[in-house]
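Values quoted throughout were computed directly from the atomic coordinates according to the rules given, and no laboratory measurement underlies them. On a predicted model such as this, the values are computed, not experimentally measured, just so you know.
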Amino acid sequence: MEMIVAKKQAKGGSIDIGIPEKDRKAIADGLSCLLADTYTLYLKTHNFHWNVTGPMFQTLHLMFETQYNELALAVDLIAERIRALGFPAPGTYKAYAKLSSIPETDGVPEARDMIRLLVEGQEAVVRTARKVFPRVDKAGDESSADLLTQRMQVHEKTAWMLRALLEK
């Protein structure tokens, strides 16, 4: 019996981390939406980094670079958590377009509009993370809870910093 279980696990079969499969699936689905939002925000932030102009160019160019680098690391952490739960992580534009709550921005907005759109994106990621939390809490998935808490803290702080630039 032990030999059969060992062979099944070696082939990627059963996962026994103390969270039932249906709960792992629900969490992975929620994290997939978080991944899509994070990647979409990464792309938007990188786009704005490339295309920002105006008197705040240097400040925003550097700020956006810091933000998209942080987001690039975050997508990897989220995708790896989905994989640790035993499910494939989405990784295509088509999947992200379907899963993300963040709309694409057409054209090149003015700098203040870029800031406003990034505030909206940061806040959208926080809302998505919050929606996943009840599933994670119900399943007792402390690892995913820790990831969600860290992501919410980063996005709430970044939204605050961006909002500060919009104040008169």
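Here are the numbers:
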item	result
Pairwise centroid distance, computed over Cα atoms, of region 41-87 with region 94-161, Å	12 Å
Residue-wise HN-Hα coupling along region 93-103, computed from phi with Karplus coefficients 6.51, -1.76, 1.60 (Hz; x: Gly, Pro)	4, 4, 5, 5, 4, 6, 8, 7, 9, 9, x
Global form of the chain, assessed from the alpha-carbon gyration tensor, a/c cut-off 1.5	prolate
